[in-house]
């Protein structure tokens, strides 16, 4: 089997809004395999340089099959972008929280990310390097919702992986998107508006006022940050959790 001349990336959660944008951004410079649990939505993402293959983030054998399929078709895996996660947040007090739902979120996002990493790392080691980018979220830097636990875990996993894989030329980083324009965000604004007796536009305006750039970000801006970290020349940045939020986060992290 001859390795493909271009770099090859796998994007998990490829049928989601950020996953789609990441796939499109990476496809400018490499071949991209998009994956998600359900095959049907992937069909709308696939194109000349974007190839679809389903996999289940909760099943290591399914994830391994995806990696094997990619290697059989292209002969290499250079980039892994982990986007697979539930968009729902588990909220509420300790007394009434849905613990099973919270654990399920953690397994899908953190456990799933780890399963995909385990599947691609052997190939990256053989090739002498690679790039892994894990998508987290700003809830990991606040106590607003218990679901933020999964994003804290993403940052921790990213740091551990960077320590273990750096000697093999594999750079591992996390991207934490801020407030991004998606149908999910529209639904969140609508719920808040209904609860507060106002309009979604008014709710959006309160958030925009807190963003130094005075606008909500696009999925393409998140994707461009991911593409930067996935670039072959990005060899010295690893183990970092990078926030892409237009300045919304006010914390100073050294």
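The values are calculated or read from the model by the stated rules, or taken from the named source; none is laboratory data. Note that the structure is predicted; figures quoted are calculated from it, not measured. Here the Cβ is made from the backbone with ideal geometry for all residues, glycine too, and neighbour counts use every protein chain on show.
Can you tell me which residues in the stretch 1-15 are surrounded by fewer than 23 Cβ atoms within 10 Å (Cβ to Cβ) and farther than 17 Å from residue 130 by Cα?
1, 2
Is it true that some residue in the stretch 29-45 is surrounded by fewer than 24 Cβ atoms within 10 Å (Cβ to Cβ), closer than 24 Å to residue 232 by Cα and within 12 Å of the chain's Cα centre (by Cα)?
Looking through the stretch 29-45, none of the residues is surrounded by fewer than 24 Cβ atoms within 10 Å (Cβ to Cβ), closer than 24 Å to residue 232 by Cα and within 12 Å of the chain's Cα centre (by Cα).
Looking at the structure I just gave you, is residue 223 in contact (Cβ under 8 Å) with a residue 12 or more places away in the chain, surrounded by 16 or more Cβ atoms within 10 Å (Cβ to Cβ) and in contact with a helix residue (DSSP H, G or I) (Cβ under 7 Å, 6 or more places away or on another chain)?
Judged against the criteria, residue 223 is a match.
Which of the residues that make up the stretch 200-231 are in a loop (DSSP other than H, G, I, E, B) and in contact with a strand residue (DSSP E or B) (Cβ under 8 Å, 6 or more places away or on another chain)? Outline the logic, then answer.
First, the residues of the stretch 200-231 that are in a loop (DSSP other than H, G, I, E, B): 209-216, 218, 231.
The answer is 216, 218, 231.
Would you mind stating whether residue 120 is assigned to a strand (DSSP E or B) and either modelled with pLDDT of 95 or more or out of contact with any helix residue (DSSP H, G or I) (no Cβ under 7 Å at 6 or more places or on another chain) (or both)?
For residue 120, the condition - assigned to a strand (DSSP E or B) and either modelled with pLDDT of 95 or more or out of contact with any helix residue (DSSP H, G or I) (no Cβ under 7 Å at 6 or more places or on another chain) (or both) - is not met.
Would you confirm whether or not the stretch 161-177 contains a residue that is over 19 Å from the mean Cα position of the chain (by Cα), in the same structural domain as residue 122 (by the TED database), within 22 Å of residue 32 (Cα to Cα) and assigned to a loop (DSSP other than H, G, I, E, B)?
Checking the stretch 161-177: at least one residue is over 19 Å from the mean Cα position of the chain (by Cα), in the same structural domain as residue 122 (by the TED database), within 22 Å of residue 32 (Cα to Cα) and assigned to a loop (DSSP other than H, G, I, E, B).
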